[in-house]
1. Could you say which residue among Gln56, Gln102 is open to solvent by 60 Å² or more (accessible area, probe 1.4 Å) and farther than 21 Å from Asn153 by Cβ?
2. Restricting to the stretch 194-220, what's the tally of residues that are within 23 Å of Phe118 (Cα to Cα) and of a type outside the set (Val, Ile, Thr)?
3. If only one of Leu61, Leu76, Leu68, Leu90 is buried (at least 20 other Cβ atoms within 10 Å of the Cβ), assigned to a helix (DSSP H, G or I), over 16 Å from the mean Cα position of the chain (by Cα) and not small (Gly, Ala, Ser), which one is it?
4. Scan the stretch 127-140 for residues that are modelled with pLDDT under 90 and surrounded by fewer than 14 Cβ atoms within 10 Å (Cβ to Cβ) and report the count.
5. Quick test of your reading of the structure: Pro116 fulfils all but one of (1) in a loop (DSSP other than H, G, I, E, B); (2) of a type outside the set (A, V, I, L, M, F, W, C); (3) over 24 Å from Gly158 (Cβ atoms). Name the failing condition by number.
6. Give all pairs with beta carbons closer than 9 Å in which a residue from the stretch 81-99 that is under 17 Å from Phe46 (Cα atoms) meets a residue that is open to solvent by 10 Å² or more (accessible area, probe 1.4 Å) and part of a loop (DSSP other than H, G, I, E, B); count only pairs at least 6 apart in sequence or on separate chains.
7. I'd like to verify a number: residues in the stretch 133-159 that are under 25 Å from Ala216 (Cα atoms) and in contact with a strand residue (DSSP E or B) (Cβ under 9 Å, 6 or more places away or on another chain), how many?
8. Does Ile149 satisfy being surrounded by 14 or more Cβ atoms within 10 Å (Cβ to Cβ), within 16 Å of the chain's Cα centre (by Cα), hydrophobic (A, V, I, L, M, F, W, C) and modelled with pLDDT under 90?
Amino acid sequence: MIRGTWSLSEPLVPANISAIMVKMGQEKGISQDSLLENTEIDPAAFSDPKALLTYQQVIILINNMLKLCNEPTLGLELGNAININQFGMLGYAILSCANIRQALNLGLKYHVLIDPAFNFEVVEQEDITSIRLTSHIPIENIYNLICDIFLANFISLGRYLTGLDVMPIAININRTKPEFFEKYQNYFPNCPVNWDQPRTEILINTHILDAPTTLADEATAKMAESQCADILTRMGPREGIVVKVRRILLSNPGQYPPIE
């Protein structure tokens with residue numbers, strides 16, 4: 001189990017993100033057969049928008065990729081390679097949002113459609129806002145990869161959505177400073193990367209939340225979010241109780257129900 005919430009053997013994870021990993025591995029000269037060894041993943045799943053993989057399959061694929069690539073910043077590469085269209089209907093909804101704040105709120109509500117084990121929170125203050133990774137995956141190399149994808153993908157998607165330089169004012173990472181730390185710094189020019197921190201988080205100027213997106217369309221945003229809600233309803237028991245409570249609390253950001 002992952003944090004006691006999701007089964008490793010139940011198909012829960014859309015295959016499209018794993019498809020990016022396989023494609024990247026092939027571009028590095030690794031055969032598809034080697035990447036998929038022992039995963040029992042049918043390559044046809046990568047062209048099926050409805051295909052779901054189990055966490056066990058994804059974990060084996062990631063371990064194969066890490067072993068065969070031997071690249072310590074693989075997660076950052078993947079984060080840069082993941083485009084908004086890989087998020088399915090949620091991607092269309094985010095593309096149509098009015099600004100970064102609205103896009104983050106949608107991500108908070110519907111991230112389970114992309115990966116039920118991935119969680120984050122947004123702590124907004126007057127001058128500085130923190131986007132914090134809150135996933136707890138008890139497999140170190142998998143967790144580190146998720147952290148790196150999170151860091152790189154937020155920045156690349158922010159640029160894509162707004163056309164602006166949304167480089168954070170600081171990045172905090174909750175693991176020991178590695179020997180290859182300079183490679184991380186190269187991914188985030190002019191942004192301090194701090195190691196051995198209590199949490200992994202991206203710190204941005206709060207005013208960036210109001211940055212308008214280039215493809216904002218209110219009608220499309222409402223239509224796409226409605227479809228996301230329908231998909232989430234059909235998922236039903238696939239959500240763990242913690243995620244379900246979080247989703248209900250975040251369904252109307254800033255308007256939390258009383259304890260009763």
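1. On the way: Gln102 fails: farther than 21 Å from Asn153 by Cβ.
After ruling out the rest, the residue left standing is Gln56.
2. So the count comes out to 9.
3. Details: Leu76 fails: over 16 Å from the mean Cα position of the chain (by Cα); Leu68 fails: buried (at least 20 other Cβ atoms within 10 Å of the Cβ); Leu90 fails: over 16 Å from the mean Cα position of the chain (by Cα).
Matching residue, one of Leu61, Leu76, Leu68, Leu90: Leu61.
4. Residues that pass the stated criteria total 4.
5. That leaves (3) as the condition not met.
6. Cβ pairs passing all conditions: Gln86/Ile114; Phe87/Ile114; Gly88/Pro49; Gly88/Ile114.
7. So the answer is 5.
8. Working: surrounded by 14 or more Cβ atoms within 10 Å (Cβ to Cβ): yes; within 16 Å of the chain's Cα centre (by Cα): yes; hydrophobic (A, V, I, L, M, F, W, C): yes; modelled with pLDDT under 90: no.
Here the answer is no, as Ile149 does not meet what is asked.
The values are calculated or read from the model by the stated rules, or taken from the named source; none is laboratory data. All figures in this text were calculated on a predicted structure; none of them were measured in a lab. Glycine gets a Cβ as well: all are built from the backbone with ideal geometry, and neighbour counts include every protein chain shown. Heavy atoms of the whole protein, side chains included, go into the accessibility calculation; ligands, DNA and RNA do not. Shrake-Rupley method; radii C 1.70, N 1.55, O 1.52, S 1.80 Å.
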